[in-house]
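Have a look at the structure below before the remarks.
The values are calculated or read from the model by the stated rules, or taken from the named source; none is laboratory data. Quick caveat, the model's predicted, so the values are computed rather than measured. Here the Cβ positions follow ideal geometry from the backbone for every residue, glycine too, while neighbour counts run over all protein chains shown.
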Amino acid sequence: MMKTHAIIVLFVFLTIPKSHAEDFRQLLISVEKNIRVEEWSLSGSEFPFKTDSSVSIRKDVLHGGKQEGVDVIHVDNGKLRFTMIPTRGMGIYEVVSGDLRLGWNSPVKEIVHPSFINLSSRGGLGWLEGFNEWMVRCGLEWVGHPGEDKFINNVGDEAVMDLTLHGKVANIPASEVEVVIDEEPPHTIRVRGRVDERMFYGPQLELWTEISTTPGSLQLTVTDRLVNEGADDQEFQMLYHTNFGPPLLEKGAEFVAPIREVTPFNEHAAQSIDRAAVYDGPTPGFVEQVYCMELYAGDDDLTQVMLKNASGNRGVSMSFSVEELPFLTQWKNLPALDAGYVTGIEPGTSFPHNRQIEREKGRVPKLKPGESRQFQIAFEVLPDPSSVQKSLEKIKRIQGGKETKVNRKPEE
Amino acid sequence: MMKTHAIIVLFVFLTIPKSHAEDFRQLLISVEKNIRVEEWSLSGSEFPFKTDSSVSIRKDVLHGGKQEGVDVIHVDNGKLRFTMIPTRGMGIYEVVSGDLRLGWNSPVKEIVHPSFINLSSRGGLGWLEGFNEWMVRCGLEWVGHPGEDKFINNVGDEAVMDLTLHGKVANIPASEVEVVIDEEPPHTIRVRGRVDERMFYGPQLELWTEISTTPGSLQLTVTDRLVNEGADDQEFQMLYHTNFGPPLLEKGAEFVAPIREVTPFNEHAAQSIDRAAVYDGPTPGFVEQVYCMELYAGDDDLTQVMLKNASGNRGVSMSFSVEELPFLTQWKNLPALDAGYVTGIEPGTSFPHNRQIEREKGRVPKLKPGESRQFQIAFEVLPDPSSVQKSLEKIKRIQGGKETKVNRKPEE
Amino acid sequence: MMKTHAIIVLFVFLTIPKSHAEDFRQLLISVEKNIRVEEWSLSGSEFPFKTDSSVSIRKDVLHGGKQEGVDVIHVDNGKLRFTMIPTRGMGIYEVVSGDLRLGWNSPVKEIVHPSFINLSSRGGLGWLEGFNEWMVRCGLEWVGHPGEDKFINNVGDEAVMDLTLHGKVANIPASEVEVVIDEEPPHTIRVRGRVDERMFYGPQLELWTEISTTPGSLQLTVTDRLVNEGADDQEFQMLYHTNFGPPLLEKGAEFVAPIREVTPFNEHAAQSIDRAAVYDGPTPGFVEQVYCMELYAGDDDLTQVMLKNASGNRGVSMSFSVEELPFLTQWKNLPALDAGYVTGIEPGTSFPHNRQIEREKGRVPKLKPGESRQFQIAFEVLPDPSSVQKSLEKIKRIQGGKETKVNRKPEE
């Protein structure tokens, strides 16, 4: 526990910028101030600081169908464009760099307003009616599969509730959202949002999200801080469900990671574990395969994973701390293109089994009252063979020739 | 199957008008273009083509209570006025011609926004909290009674889910809505809307609806096309729950149809099957009676049914293809006026038993990837004894003296 | 039953003011007129009648997070300020008089829009995701704990449904809302709202709420009328869940009432029944204690209860008729401050056991078609020792030395 505390302090120092009087700040949504800015934009010429890149930021509201009233924020740093969704828990819909899109083609075509989602429907799979983001957070009370789990109810008794797939946070609108641009070069652009998962006789979790990027860069960093605002110890789970379809995902695409141990999620995945790293093309009738991993990290506890295309000339890397996010789930869902040909690379505080199972395995941590945890993932678009190669070498260095333990059976 | 395909081609030819550059088009809602026109109207003097009738169209938004934010479109063709509800799956709230109203007085007084509906509530009867339309579609994945049915879940396993009454489509807002007025006489007015029932690991069904009418006519035609946009075969169900209260429904009103076979829905309905065609007046404590029918049709596969009032001087007819809609359900709900005195005339692809039962009986069809089905119902207001008589004769011709098989027991 | 009727007539006479042509009226929300006024205010200088107090009324819309789109109405009578929530069943968020706030600090920080609430979630405890009002009505079909109960379904069969905690009315937006100011002195300000709990094959209950206050007074009166608009006898339940945190609630605060009989809600509460009247300070890990009471009343059937702080220099009283509201529930929830340190004083037509239990005990009344019941609670802020003393004496007079029957075991 002490170690965890030390790490929190360290990361706060590293990643939460000092507040400068001269930082640019634009409040977009605020429960506290009773504000919702429907439309706002900052064009390149209005950018408050001098920069070589053509930068723009735009807040908009979506209309029509199930996306009526959804708030979105588009950021273009000159090299990367991405779209955040305050209304859906500060998820990221897609990232585009030139002709490379990070994201996928879900059967869900609209960015669905949470008021149209019933998480309990379809035996607890209602979450799937809104699932089309590049990066969607699962959590905060639970992240995994639906099914029964126990909880303490309003009369203090242990009761049973049906957990729903992947938790609630992706369908909770952000309560406070602002855009910050650092006064200090390189004038990092930060979109911050606070998403609350609170209820009476339940969790009082606040998630402070930040998505940041530097003008002209190919990087995007997610920095979240989860706080237990309650008076009691509080279980939590976090899982960053990051999803890639074409063009990166294709026949021969590969997932690369410094794997310490890998375990198939179920018997079905067990059959294909030797081919887990490599992707097939779209395969009608394909049933999802899920692999649960623990990764090696460098002395700084940082690890890196990569998805690269078949020819190895494009990819994306994800760097994060195995202290913060000790478990990684690889989700392979390779049916026909229209059915959602996609892979999920999902760092988390646990695997996505039902919480009851994860708790048994000791993978459901708690936060004391007032305690917080930080989670940071740095994404980098790898636009050419040399950047792909560099990431490969980095991952190889982290692996350092150490063995990967391959479990051929699911956890019991 | 080949026959079905042939029919599709035929109907596409007959009913989807060629697009003319000079047709009038007004886009009202569009996910694709991020548009929602809150208010718009086209008065008679603004009508783009010359017509003898006084025509008007108006788009509006409802306010207050559970109807806050609901989009409605009112069309007046000079003889018929009707109100469509894009927010509720393009249902039709009512049709009015002079002092004759098609519709009913539901205990539900507002046009309820889907965000206030929980379909799962009350043991799967939540749909009833929004039920007050003249014509509401049931579907697209299922149309019938609540209860368990199997489905394939996200890990490829057969799982069990609770179906909810009458499916989801009536509580899905339309994604694309436009008004089209044909350049060519008789300048038919068409309101088109696309309603999507899509989810990940679920159906990818798109329903293209069209409600059309010709200036000065007493006719209204619903022409829907259901497309499986998914990569796999997809079960579907469609049922047009068309509901009539006073003044047409009254003691002595009659349902007339060329019936090939009729079966009571349950034991309760079985007791009154000999009086199925005739309606009693409002009867406090009345419990619904439902009759399941297959109809005779002409050589063109078209059939016609009619509801007429007691004195036979007013009525409404419905014409449709028994290839498209082979099953018809008659719902008699004749309690006190305030409790919802109403009859439903419901052509469908099946009866409204739970899908599990309908599947066993072979009445749950599938669409192959990319395949579509069209459904068309032509409604005509019969304002006088002669038009009622004409419809009676037509139905008699279709029956052609052929026998009606009356099953005195429910299906087993 | 005759007696009930007589009482209705009496109260209608006493509390529904004659309509005066010269009363000030401002319609704010109306389904009937398709109106929703987003912002409106009446400052003191605009007050239509001469008054010594500085009065203001303001209608506003909340923004951000889960409170997006919530309508609120603030009234300041010069001495009391309070906030009503039309979107949440005309509940009252808080009342403030000087530095005395009636209300509590719920872990739920936003005034949550019903479209974000799923009452069925968490085993039927979804209501708790929006629970933070000073006064929230439970009802109209049921008021108590979740769990199964029977009902009559659409085919006339007795079926089983899962009731959800405290019913639906707190999450139903008002259909008609208006502000009325009496022309006649003392120019009472009345905010009226109609909340409908209606469905097909279900209740057709309309609740006409009125919250009134007189300029310069320390009083607030809730006057509700519940009408069965259905054609059949209709069960109903009403419970006024009125909640107090600090500053009134504190170690040594006391609940005072003329108790005829008190019964612990469960075994846990039974253990502390001798200390039911007195409050402890915030106690981490505290599990709620609930006491079910019947009260003595004066000849006019009116009773009074009071909550006072430890030093007895401040308090609040509630007066109501034991004919209208024969049962009172005291809810003690005394965990850490941040976990929701609060007590509920809850007059009702029953206790908050599951309806199945309350029905067995004969505490679930019915309304005949067209029949109505009125419920009135007069709240008064007691700002000083003398007003507290006066209320104490009144309660003592009502008790009149009569015995309090203390049941040491929960009802069986």
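Looking only at region B:367-412, count how many residues are within 14 Å of chain A (Cβ to nearest Cβ) and outside any strand (DSSP E or B).
Step one: filter region B:367-412 for residues within 14 Å of chain A (Cβ to nearest Cβ), giving B:367-371.
Keeping just the survivors that are outside any strand (DSSP E or B) gives B:368-371.
Number of matching residues: 4.
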Assess whether C:Arg194 counts as being at the interface with another protein chain (Cβ under 10 Å from one of its Cβ atoms) and within 30 Å of C:Trp40 (Cα to Cα). yes
The conditions are (1) buried (at least 24 other Cβ atoms within 10 Å of the Cβ); (2) touching a residue at least 24 places away in the same chain (Cβ under 8 Å), and A:Arg122 fails exactly one of them. Which is it? (2)
Would you mind stating whether C:Pro410 is under 16 Å from C:Thr263 (Cβ atoms), touching a residue at least 60 places away in the same chain (Cβ under 8 Å) and not hydrophobic (A, V, I, L, M, F, W, C)? yes
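Considering each residue of region A:341-363, count those that are in a helix (DSSP H, G or I) and not polar (S, T, N, Q), and give that number. Break it down into steps so the answer makes sense when it comes.
Taking region A:341-363 as the starting set, the residues that turn out to be in a helix (DSSP H, G or I) are A:355-360.
Remaining after also requiring not polar (S, T, N, Q): A:355, A:357-360.
Residues meeting the conditions: 5.
Which of the residues belonging to region B:390-402 are of a type outside the set (Lys, Arg) and in contact (Cβ under 8 Å) with a residue 24 or more places away in the chain?
In the first step, residues of region B:390-402 are kept if they are of a type outside the set (Lys, Arg); the result is B:391-393, B:395, B:398-401.
Hits for region B:390-402 are B:Ser391, B:Leu392, B:Ile395, B:Ile398, B:Gln399, B:Gly400.
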What single numbered condition from (1) under 23 Å from A:Leu392 (Cα atoms); (2) touching a residue at least 24 places away in the same chain (Cβ under 8 Å) fails to hold for A:Asp300? (2)
Condition first: small (Gly, Ala, Ser) and either under 25 Å from the mean Cα position of the chain (by Cα) or under 23 Å from A:Glu110 (Cα atoms) (or both). Now tell me which residues in region B:20-69 satisfy that. B:Ser30, B:Ser56, B:Gly69
Are any residues in region C:101-142 among the small types (Gly, Ala, Ser) and more than 11 Å from chain A (Cβ to nearest Cβ), and if so, which ones? C:Gly103, C:Gly139
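Sort out which residues of region C:120-144 are under 14 Å from A:Asn154 (Cβ atoms) and among the aromatic types (Phe, Trp, Tyr), and write them in order of number. Please lay out each step first, then the result.
To start, the set of residues in region C:120-144 that are under 14 Å from A:Asn154 (Cβ atoms) comprises C:121-129, C:131, C:138, C:144.
Those that are under 14 Å from A:Asn154 (Cβ atoms) and among the aromatic types (Phe, Trp, Tyr): C:Trp127, C:Phe131.
Please specify each residue of region A:224-252 satisfying the condition of being within 14 Å of another protein chain (Cβ to nearest Cβ) and either part of a strand (DSSP E or B) or under 18 Å from the mean Cα position of the chain (by Cα) (or both). Walk me through how you get there before you give the answer.
To start, the set of residues in region A:224-252 that are within 14 Å of another protein chain (Cβ to nearest Cβ) comprises A:227-234, A:241, A:243, A:245.
The answer is A:Val227, A:Asn228, A:Gln234, A:His241, A:Asn243, A:Gly245.
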Taking B:Val278 as meeting all but one of (1) over 16 Å from B:Thr343 (Cα atoms); (2) aliphatic (A, V, I, L, M); (3) modelled with pLDDT of 95 or more, write down the number of the exception. (1)
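Mind checking which residues of region C:279-298 are outside any strand (DSSP E or B) and either over 17 Å from C:Met318 (Cα atoms) or within 14 Å of chain A (Cβ to nearest Cβ) (or both)? Working first, answer last.
Restricting attention to region C:279-298, the residues satisfying the condition of being outside any strand (DSSP E or B) are C:279-288, C:296-298.
If the condition is that a residue be outside any strand (DSSP E or B) and either over 17 Å from C:Met318 (Cα atoms) or within 14 Å of chain A (Cβ to nearest Cβ) (or both), then C:Tyr279, C:Asp280, C:Gly281, C:Pro282, C:Thr283, C:Pro284, C:Gly285, C:Phe286, C:Val287, C:Glu288 are the ones that fit.
Here's the yes/no breakdown for (1) under 13 Å from C:Ala253 (Cβ atoms); (2) out of contact with any helix residue (DSSP H, G or I) (no Cβ under 8 Å at 6 or more places or on another chain); (3) among the hydrophobic types (A, V, I, L, M, F, W, C):
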{"residue": "C:Met293", "(1), (2), (3)": "no, yes, yes"}
{"residue": "C:Val305", "(1), (2), (3)": "no, no, yes"}
{"residue": "C:Gly312", "(1), (2), (3)": "yes, no, no"}
{"residue": "C:Met318", "(1), (2), (3)": "no, yes, yes"}
{"residue": "C:Leu325", "(1), (2), (3)": "no, yes, yes"}
{"residue": "C:Leu334", "(1), (2), (3)": "yes, yes, yes"}
When region B:212-247 is checked residue by residue, the ones that are of a type in the set (A, V, I, L, M) and buried (at least 23 other Cβ atoms within 10 Å of the Cβ) are B:Leu220, B:Leu226, B:Met238, B:Leu239
Output the residue which, of all residues in region A:153-166 that are touching a residue at least 12 places away in the same chain (Cβ under 8 Å) and at the interface with chain C (Cβ under 9 Å from one of its Cβ atoms), is surrounded by the fewest Cβ atoms within 10 Å (Cβ to Cβ). A:Val160
Checking A:Val169 against (1) among the hydrophobic types (A, V, I, L, M, F, W, C); (2) in contact with a His (Cβ under 9 Å, 6 or more places away or on another chain); (3) surrounded by 24 or more Cβ atoms within 10 Å (Cβ to Cβ), the condition it does not meet: (2)
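Would you point out which residue out of A:Lys402, A:Lys409, A:Lys396 is in contact with a Phe, Trp or Tyr (Cβ under 7 Å, 6 or more places away or on another chain), closer than 27 Å to A:Ala253 by Cα, exposed (fewer than 14 other Cβ atoms within 10 Å of the Cβ) and modelled with pLDDT of 95 or more? Steps first, please.
On the way: A:Lys409 fails: in contact with a Phe, Trp or Tyr (Cβ under 7 Å, 6 or more places away or on another chain); A:Lys396 fails: in contact with a Phe, Trp or Tyr (Cβ under 7 Å, 6 or more places away or on another chain).
Result: A:Lys402 is the single residue among A:Lys402, A:Lys409, A:Lys396 that is in contact with a Phe, Trp or Tyr (Cβ under 7 Å, 6 or more places away or on another chain), closer than 27 Å to A:Ala253 by Cα, exposed (fewer than 14 other Cβ atoms within 10 Å of the Cβ) and modelled with pLDDT of 95 or more.
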Set C:Arg194, C:Arg198, C:Arg137, C:Arg190: member being among the charged types (D, E, K, R), modelled with pLDDT of 95 or more and in contact with a Pro (Cβ under 7 Å, 6 or more places away or on another chain): C:Arg198
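Let's see how each residue does on (1) free of Cβ contacts under 8 Å to residues at least 60 places away in the same chain; (2) over 17 Å from the mean Cα position of the chain (by Cα):
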residue: B:Asn77; (1), (2): no, yes
residue: B:Thr87; (1), (2): no, no
residue: B:Leu102; (1), (2): no, no
residue: B:Glu110; (1), (2): yes, yes
residue: B:Glu129; (1), (2): yes, yes
residue: B:Glu133; (1), (2): no, no
residue: B:Val136; (1), (2): no, no
residue: B:Glu148; (1), (2): no, yes
Would you check which residues across region B:257-268 are part of a strand (DSSP E or B) and surrounded by fewer than 20 Cβ atoms within 10 Å (Cβ to Cβ) and list them? B:Arg260, B:Glu261
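So, of the residues in region A:299-317 that are of a type in the set (A, V, I, L, M, F, W, C) and not in a loop (DSSP other than H, G, I, E, B), which turns out to be surrounded by the most Cβ atoms within 10 Å (Cβ to Cβ)? Working first, answer last.
Here is the first cut: in region A:299-317, the ones of a type in the set (A, V, I, L, M, F, W, C) are A:302, A:305-307, A:310, A:316.
Still in the list and also not in a loop (DSSP other than H, G, I, E, B): A:302, A:305-307, A:316.
Values: A:Leu302: 17, A:Val305: 23, A:Met306: 21, A:Leu307: 24, A:Val316: 27.
It comes out as A:Val316.
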Looking only at region A:22-81, which residues are within 13 Å of chain B (Cβ to nearest Cβ), assigned to a loop (DSSP other than H, G, I, E, B) and of a type in the set (Lys, Arg)? none
C:Pro335 passes all but one of the listed conditions (1) crowded, with 21+ Cβ neighbours inside 10 Å; (2) part of a loop (DSSP other than H, G, I, E, B); (3) within 14 Å of chain A (Cβ to nearest Cβ); the exception is number (1)
Taking region B:182-223 and keeping only residues that are in contact with a Ser or Thr (Cβ under 8 Å, 6 or more places away or on another chain), polar (S, T, N, Q) and not in a strand (DSSP E or B), one is left with B:Thr188, B:Thr214
